[in-house]
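The values are calculated or read from the model by the stated rules, or taken from the named source; none is laboratory data. Since the structure is predicted, the reported quantities are computational estimates derived from the model, not experimental observations. FYI the Cβ positions are ideal-geometry reconstructions off the backbone, even for glycines, and counts take in every protein chain you see. The area values use the complete protein model at the heavy-atom level, side chains included, leaving out ligands, DNA and RNA. Shrake-Rupley method; radii C 1.70, N 1.55, O 1.52, S 1.80 Å.
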Amino acid sequence: MCKKGFFITLEGCEGSGKSTQLKKLEEFLKESGKDFIFTREPGGTPIAEKIRAIILDGKNVEMADETEALLYSASRVQHVKEKILPAKQSGKIVVCDRYIDSSFAYQAYARGLGMDFVKGVNVYAVENCMPDLTIFLDISPEDAFNRKGGADKDDRLEQSGLEFHKKVYLGYKQLAKDNPHRIAVINAKQSAEEVFEDIIKILKKRQIIG
Ligand code: TYD
């Protein structure tokens, strides 16, 4: 089990403003002198980044949903063992851009593999390293796509279209409902400043920052 430190994950649909909020959070933690690392999934270590390149390669159109779920999980095990757990055990705040809830929302709900399958292939992460806090940036895919200005044609996942992303969104909503203590829901339709204020409120409430 993770004992020391604190593990925070940020989740949301494409275009939910995650990158903007991560930047703001990084600046904030730097200024407050906290001991932290930022990382991302899929990826986060050299091996996991190689797996990321296979998963996100727009040419890999034949990839089976199960293969995709297993690759995310393989990338995650490497990331957890090599980077997340050591950092957390040394007392650091670990902030991760996407983690297991992405597998639940995208692979279990949207691809339709189901929670049992996805939990099963992610047993290492589930048993050893669940997030202490997950921040879900809540904005519908319609609103998110409009804000982003449409999908990126080279990204295999973003080619999946609006119907897929609606399922992802409903998946996240269900996960938030099922895990109210771990997942904090933030209204991401607000301005970036307001969203960040809400994130800071949550971090204070959980006593991660003073
Ligand atoms: P990325 O370009 O990092 O997307 P974003 O900027 O939206 O975070 O690509 C990551 C993609 O991988 C994104 O579409 C979500 C997807 N994903 C899964 O489907 N399952 C997972 O377990 C993870 C971590 C990501």
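Couple of notes before you dig in:
- Selection from the range 88-114 of residues that are open to solvent by 50 Å² or more (accessible area, probe 1.4 Å) and in a helix (DSSP H, G or I): Gln89, Tyr109
- From Leu85, Leu25, residue being over 29 Å from Asp116 (Cα atoms) and either exposed (fewer than 15 other Cβ atoms within 10 Å of the Cβ) or more than 11 Å from the ligand (Cβ to nearest atom) (or both): Leu25
- Filter result for Ile183 (touching a residue at least 60 places away in the same chain (Cβ under 8 Å), open to solvent by less than 80 Å² (accessible area, probe 1.4 Å) and touching an Asp or Glu at 6+ places or on another chain (Cβ under 8 Å)): yes
- Pairs where the first residue, in the range 23-48, is more than 26 Å from Gln78 (Cα to Cα) and the second is within 16 Å of the ligand (Cβ to nearest atom), C-beta under 8 Å, 6+ apart: Lys24/Ala192
- Contact map, the range 57-77: first residue in contact (Cβ under 8 Å) with a residue 40 or more places away in the chain, second residue crowded, with 20+ Cβ neighbours inside 10 Å and of a type in the set (D, E, K, R), Cβ cut-off under 7 Å, separation 6 or more or different chains; pairs are Asp65/Arg111; Arg76/Glu41.
- The residues listed here are Lys189, Lys177; of these, the one that is out of contact with any helix residue (DSSP H, G or I) (no Cβ under 7 Å at 6 or more places or on another chain) and open to solvent by 70 Å² or more (accessible area, probe 1.4 Å) is Lys177.
- Selection count where residues are without any contact (Cβ under 8 Å) to a residue 40 or more places away in the chain, open to solvent by 40 Å² or more (accessible area, probe 1.4 Å) and out of contact with any Pro (no Cβ under 7 Å at 6 or more places or on another chain), scope the range 161-174: 2
- Residue match in the range 132-140 (condition: without any contact (Cβ under 8 Å) to a residue 60 or more places away in the chain and either of a type in the set (Gly, Ala, Ser) or within 13 Å of the ligand (Cβ to nearest atom) (or both)): no
- Here the range 31-68 is the region considered, the condition is being over 19 Å from Pro131 (Cβ atoms) and either in contact with a strand residue (DSSP E or B) (Cβ under 8 Å, 6 or more places away or on another chain) or among the small types (Gly, Ala, Ser) (or both), and the residue that is nearest to the ligand (Cβ to nearest atom) is Leu56.
- Test: Ile8 is within 16 Å of the ligand (Cβ to nearest atom) and not in a loop (DSSP other than H, G, I, E, B): yes
- Candidates Ala188, Ala184, Ala176, Ala192 - the one that is at pLDDT 95 or above, small (Gly, Ala, Ser) and closer than 18 Å to Val94 by Cα: Ala184
- Top-ranked residue of the range 29-75 - restricted to ones that are outside any helix (DSSP H, G or I) and within 21 Å of Phe117 (Cα to Cα), ranked as most open to solvent (accessible area, probe 1.4 Å): Glu62
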